[in-house]
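A.B. asks: Before I ask anything, let me first share the structure, which is written out below as structure tokens.
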Amino acid sequence: MHHFDYRGGVLHAETVDIRDIVAAAGTPTYIYSSATIERHFALFAKAVGWPRNRVFYAAKANSNLGVLASLAKAGAGADVVSEGEIRKALAAGFKPSDIVFSGVGKSTAELHYAVSAGIYQINVESEGELDRLSRVAATLGKRQTIVLRVNPDIGAGGHAKITTGSSANKFGVSFEEAARLYAKASNLPGVRCVGLAVHIGSQIEELSALEAAFTKMRGMVEQLRREGLPVERLDLGGGLGIPYHLERPFTHGPDLIEAYAAMVARVTGGLDVELGFEPGRLIVGNAGLLVTEVLYVNERAGKTFLVVDAAMNDLVRPAMYEAYHEIWPIAEPRDDRRIAYDVVGPVCESGDTFSVDRLLPPLESGDLIAFMTAGAYGATMASTYNQRPLVAEVLVKDADFTITRPRQSYEELIGADRMPAWL
């Protein structure tokens, strides 16, 4: 669910009129609902047995400082994939003991920073990383707690580019090598290997692939224990899907979360391990929208283009994943008339297209619309392509809002470059 609805004919974020936000922040601007973020975390955490089991929010989904701070205050941990995300999580109020570091390409400098910071866990994804991390930690006089991420050769997800558990994907060590590497890790001087991790994809709407992967992981835990190796933790990753087609039936919210939690309990029952979870999209996806202004209505024979001031550099998901986002006018439609629009942005690429032949109420220059379900992988994937300043971000709490990330100025954009001395 989300906390965006029409009040008095105008779309509101919680109890804030979105036109008031636009007056302060301009367009395009991401708007996030604190109530939605907090509710989704609470529902998921309760279902999976938090705080006995750990919930680490996947910061890559939305790394806005206000969003991170809201989740830290709610009791979440943070799942990070770079030194920058570690630093931002710490700045948002997460304790080092609440941070898990994932990712296939951690550099020596990043490992050094993570070990020095004393984070809770590093999810090791290759033998080379295992060796490098042990050397780094030993040099620092520490033994870093790790789990070994295993690729179960069971992939799932809403798109090939967000499927991570197949043997064709770059993530994790092979299932066949896991026992050997776990035993090796247990004898290295710079690490303390305490468990396993798995993550097979994102935007998963059906639980059978997850259950199959988790069942394989249970078997691996039991095998390692038979070999005399202790296993204390099992990190099950994230990946649960959310509804992008808000008008269609979707087994989401409490139903999907409860079904997932029941499946996890059934598969892992009696293992006596601390379970870890890394939801991202599930927590923030429906908590955000991107509001944009209609610049032009370009009518051609057989085609009407709705040109808006948001572009693929602000929201790349449609161009990258063929992703669908519902489009809501900020002013509530007064009748049932609909026009088929191609909704496009100003970037000089034909790929800068948000939707084709989308049926929307009649719109004109100056109108405001919102791309819904844009809280995950929206602003966090934004760029300055075409030298367009980074988009603004706003966090709403009840009747209040704060511009948590001001729109980048042109001075800041150009000032990031350095002119060569010979020019």
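A.B. asks: So what are the ³J(HN,Hα) numbers for segment 261-276, from phi and the Karplus equation (6.51, -1.76, 1.60; θ = phi - 60°), rounded to whole Hz, Gly and Pro as x?
C.D. replies: Once rounded to whole Hz, the list reads 4, 5, 5, 4, 4, 5, 6, 9, x, x, 6, 6, 10, 7, 8, x.
A.B. asks: Can you tell me the length gained on complete extension of the stretch Asp131 to Leu413, counting 0.36 nm per residue apart and subtracting the Cα distance?
C.D. replies: Values: separation 282, 0.36 × 282 = 101.52 nm, distance 3.97 nm.
Here the segment from Asp131 to Leu413 would lengthen by 97.5 nm.
A.B. asks: Determine which lysines satisfy two conditions relative to Lys60: a Cα distance under 28 Å, and not lying fewer than 8 residues away in the same chain.
C.D. replies: Lys46, Lys73, Lys88, Lys95, Lys106, Lys142, Lys161, Lys170, Lys216, Lys397
A.B. asks: Using the Karplus curve 6.51 cos²θ - 1.76 cosθ + 1.60 with θ = phi - 60°, work out ³J(HN,Hα) for each residue of segment 201-206 in order, rounded to whole Hz, and write x for Gly and Pro.
C.D. replies: With the stated coefficients, segment 201-206 comes to x, 10, 6, 8, 9, 10 Hz.
A.B. asks: Using label points projected 7 Å from each Cα along Cα→Cβ, tell me how many nm separate Val10 and Thr215, to one decimal.
C.D. replies: It is 5.5 nm.
A.B. asks: Please give every one of the aspartates and glutamates within straight-line cross-link reach of Lys184, meaning a C-alpha to C-alpha distance under 15 Å, and leave out same-chain neighbours fewer than 8 residues apart.
C.D. replies: Partners within reach: Glu125, Glu127, Glu129, Asp131, Glu176, Glu227.
A.B. asks: Amide H neighbours of Asp367 under 5 Å, counting only residues 5+ apart in sequence or on other chains, H built in-plane at 1.01 Å?
C.D. replies: It is Val294, by chain and number.
A.B. asks: What does the charge count around Asp314 come to, taking other residues whose C-beta lies under 15 Å from its C-beta (Lys +1, Arg +1, Asp -1, Glu -1)?
C.D. replies: Values: positive: Arg317, Arg388, Arg405, Arg407; negative: Glu293, Asp309, Glu349, Asp352, Glu393.
Net charge around Asp314: -1.
A.B. asks: Continuing with this model, one more query. Using amide H atoms built in the peptide plane, which far-off residues or other-chain residues are under 5 Å from Tyr341 H to H?
C.D. replies: For Tyr341, the qualifying residues are Asp357, Arg358, Leu359, Leu360.
A.B. asks: When the Karplus curve 6.51 cos²θ - 1.76 cosθ + 1.60 is applied with θ = phi - 60°, which whole-Hz ³J(HN,Hα) does each residue of segment 319-335 get, with x for Gly and Pro?
C.D. replies: Ordered by residue, 3J(HN,Hα) equals 6, 7, 10, 6, 6, 9, 10, 4, 10, 10, x, 5, 8, 4, x, 8, 8 Hz.
A.B. asks: Using only alpha carbon pairs under 8 Å that are at least six residues apart, calculate the relative contact order of segment 1-148 and give it in whole percent.
C.D. replies: On the way: 187 pairs, mean separation 21.0, N = 148.
So the answer I get is 14 percent.
A.B. asks: Among Met263, Met312, what is the fewest-to-most ranking by other Cβ atoms within 10 Å? Let's see the in-between values first.
C.D. replies: Values: Met263 16, Met312 24.
So the ranking, lowest neighbour count to highest, is Met263, Met312.
A.B. asks: Suppose R0 equals 25 Å; then what is the FRET efficiency for Ser97 and Leu140 from their Cβ-Cβ distance, rounded to the nearest 0.05? Don't jump to the answer; show the numbers that get you there.
C.D. replies: Working: r = 17 Å, r/R0 = 0.69.
So, using R0 = 25 Å, E works out to roughly 0.90.
A.B. asks: May I pose another question? Within a 10 angstrom radius of the beta carbon, how do Cys193, Cys348 rank from fewest other beta carbons to most? Mind dumping the intermediate values first?
C.D. replies: Working: Cys193 27, Cys348 9.
The fewest-first ordering by Cβ neighbours comes to Cys348, Cys193.
A.B. asks: Would you mind ranking Ile119, Ile403 by Cβ crowding within 10 Å, fewest neighbours first?
C.D. replies: Numbers: Ile119 25, Ile403 16.
Listed from fewest to most nearby Cβ atoms, that is Ile403, Ile119.
A.B. asks: So what is the relative contact order for the chain, in percent, with contacts set as C-alpha pairs under 8 Å and at least six apart? Walk me through the numbers before you get to the answer.
C.D. replies: Working: 924 pairs, mean separation 83.8, N = 423.
Averaging sequence separation for qualifying contacts and normalising by length gives 20 percent for the chain.
A.B. asks: 5 Å is the cut-off here: which amide hydrogens, built 1.01 Å from N in the peptide plane, fall below it relative to Ala13, excluding neighbours closer than 5 in sequence?
C.D. replies: Ile18
A.B. asks: Sticking with this structure for a sec: Would you work out which of Tyr324, Ala301, Leu360 lies farthest towards the positive end of the dipole of segment 249-382? Charges go on Cβ: Lys and Arg +1, Asp and Glu -1.
C.D. replies: The Cα lying farthest towards the positive end belongs to Ala301.
A.B. asks: Please figure out what share of the DSSP beta bridges in the chain is antiparallel and state it in percent, rounded to the nearest 5. Walk me through the numbers before you get to the answer.
C.D. replies: Details: 35 of 71 bridges.
Antiparallel bridges: around 50 percent, rounded to the nearest 5.
Read the figures in this text as sums done on the coordinates, not as results from a lab. Keep in mind that what you see is a predicted model, and the values were worked out from it rather than measured. Ideal geometry is used to build each Cβ from the backbone, glycine not excepted, and the neighbour counts take in all protein chains shown.
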